[in-house]
Amino acid sequence: MVEKCPKLLIVIPCYNEEEVLDITIKKMQSLLKEMVKQMLVSPQSKVCFVNNGSRDNTWNKIKSNIKTNSLIGGINLSRNFGHQSAVLAGLLEEKADIYISIDADLQDDPQVIFEMVQKYKEGNDIVYGVRAKRNIDSLFKKYTALGFYKLMAFLGVNIVYNHADFRLMSNRAVQTLKKFPERNVFLRAMVPLLGFKSCTVSYDRKQRLAGESKYPLKKMVSFAWNGITSFSEVPLHLVTFLGFATCMISFFLFLYSLYSWMSGNALIGWTSLITALTFFSGVILLSIGIIGEYIGKIFIEVKNRPLYIVDEKVNLDEQSNNK
Ligand code: UDP
Ligand code: MG
C-alpha cells in the first residue's frame, strides 16, 4: 500500500567528503524541509549520512550538524567498507517507507527527488535515476562508462543504461533485497533482479561540487570486474569454448605433424612445436586464471563476513531494519 505521507530516508555515503559536506548538508536539509512542508513526505523523514571510514573531518562535521538539525541522522562505519556497503548500511539501519540513495558530491540532481517520490506514489517500487547527458565527464570517463554498459549487456547482465546508484526504493523492495545474501554487492545489477514495478527519471549529470573523485581508475576497473564476475557466467563459458577451440586446432596440428613424419620431414617441425607450446600454455594459464576469479568469489561468499560494521548511530532509531 502506498502511504500518502510516507517517511523518506535519503542515504548519502561519504568517504573523505569534508570539502563538499557543508554545501550538501545545506542543500539536502532545505530540500527535505520543502518536501515536508508540501506534505509530500512525513516530518519523521531524514537525511542519513553514512561515514565510510573517512580519514578527514567528515564524521565530526556530520555530528555537529545533527546537533542543530533534527532532519539529519548519521551512521559511522567502523572502517571503509566500500561505496556499495555504505549505501546498504543506510538502507538496512533505519526503518522508512521509501529510501533514496544519492552521492555526497551532488553530481546527480537532488531536485529529481520530487519526481522520484511522485513516481513512487503512482505505484512504482523502484525509480532509477538515469543520466541523460554526460557533457561534463571527461571523454575517457564517458567512453569507459559507455563501454561498461555495453559489455554488461553483452555478458547478459541486466542493468539500467546510464544509471548509477541514484535510485528510489520502496520499503518492500528493500525488504526483498535482504533476501539476497551475497557478499559481493553490486546494487545496480541486484535491484533489477527484484522485478517489482519500476520506472526511470532522467537528469543531467553535473560537476562535483567540491573535492576530488573517490573513484580512481583502479577502483573503477575493479568495480566493473566485480560486476561482471558476480553476475555473468559468460567468461566461464568462454573458457570452455576456448578449450574446445584449442583442442580442434591441436587436432589439426597433430594431423599435420603426422603427415610430416610420414613424409620424412619430422625434425623441421620445431617452429610449429614451439609456437603451439607457448600458445597453449597461455590459453591454459588464462583459463585457470578466469576460473580462479570465480573460485575467489566463492571463497568470499563462504566466509560470510558482515558487509559493514556500525561504530555509532546518531539521531536514528537504535533498532535496525536489518532483522
Ligand atoms: N564513496 C564511499 N566509499 C568509497 C568511495 C566512495 O562511500 O570507498 C562515496 C563518495 O563519498 C561519494 C560516492 O561514494 O558519495 C561516489 O563517489 P565519487 O563521487 O567520488 O565517484 P564518481 O562520481 O567520481 O564516480
Ligand atoms: Mg561523483
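Here, each number is a calculation from the coordinates, and none is a lab measurement. Quick caveat, the model's predicted, so the values are computed rather than measured. For neighbour counting, all protein chains shown are included, and Cβ atoms are generated from backbone atoms with ideal geometry for every residue, glycine included.
With point charges of +1 on the Cβ of Lys and Arg and -1 on the Cβ of Asp and Glu, referenced to the Cα centre of the chain, which listed residue (V201, P181, Y15) lies farthest in the positive direction of the dipole? In the chain, that residue is V201.
Cross-linked pairs K26/K95; K121/K197; K121/K313; K150/K178; K46/K197: Cα-Cα separations exceed 19 Å for K26/K95; K121/K313; K150/K178; K46/K197. Look at R131, R183, R305 and count the other Cβ atoms within 10 Å of each Cβ; fewest to most, that gives R305, R183, R131.
Screening the chain for whole DSSP H helices with an alpha carbon extent of at least 24 angstrom along the helix axis and a mean Kyte-Doolittle hydropathy of at least -1.0 yields 18-37, 234-262, 270-303. Its Cα gyration tensor gives the range 8-94 an equivalent ellipsoid, and the semi-axes of that ellipsoid, as √(5λ) in whole Å with the largest first, are 22, 15, 10. Pair-distance distribution of the range 156-243: all C-alpha pairs, bin width 10 Å, starting at 0; shares per bin in whole percent are 12, 37, 34, 14, 2. Rounded if a/c is under 1.5, else prolate if a/b is larger than b/c, else oblate: which is the range 96-216, with a ≥ b ≥ c the root eigenvalues of its Cα gyration tensor? Oblate, because a/c is 1.5 or more while a/b does not exceed b/c. Taking the inverse of the mean 1/r over every pair of distinct Cα atoms in the chain gives a Kirkwood hydrodynamic radius of 22.2 Å. Taking other Cβ atoms within 10 Å as a rough exposure proxy, L155, L77, L9 sort from fewest to most as L155, L77, L9.
Calculated [222 nm] ellipticity per residue, helices only, for the chain: -16500 deg cm²/dmol; basis is -39500 (n - 2.57) per DSSP H run with n ≥ 4, divided by all residues, nearest 500. Using only side-chain charges placed at the Cβ, +1 for Lys and Arg and -1 for Asp and Glu, the dipole size of the range 134-261 relative to its Cα centre rounds to 640 debye. For the chain, a Gaussian network of Cα nodes joined below 10 Å ranks I288, I298, I249 by mean-square fluctuation, and the top entry is I249. For the range 57-124, trypsin sites (Lys or Arg not before Pro) are listed when DSSP marks them as loop and at most 14 other Cβ atoms sit within 10 Å of their Cβ; the list is R79.
Look at H237, H83 and count the other Cβ atoms within 10 Å of each Cβ; fewest to most, that gives H237, H83. Excluding S64 itself, what net charge comes from residues whose Cβ is under 15 Å from its Cβ, given Lys and Arg +1 and Asp and Glu -1? So the environment of S64 carries a net charge of -1. At q = 0.17, 0.18, 0.19 Å⁻¹, what log₁₀ I(q)/I(0) does a Debye calculation on the Cα points of the range 1-154 give, no solvent, two decimals? Log10 of I(q)/I(0), two decimals: -1.06, -1.15, -1.24. Dipole orientation for the chain: of the candidates A164, S64, I291, S64 has the Cα lying most toward the positive pole (charges on Cβ; Lys, Arg +1; Asp, Glu -1).
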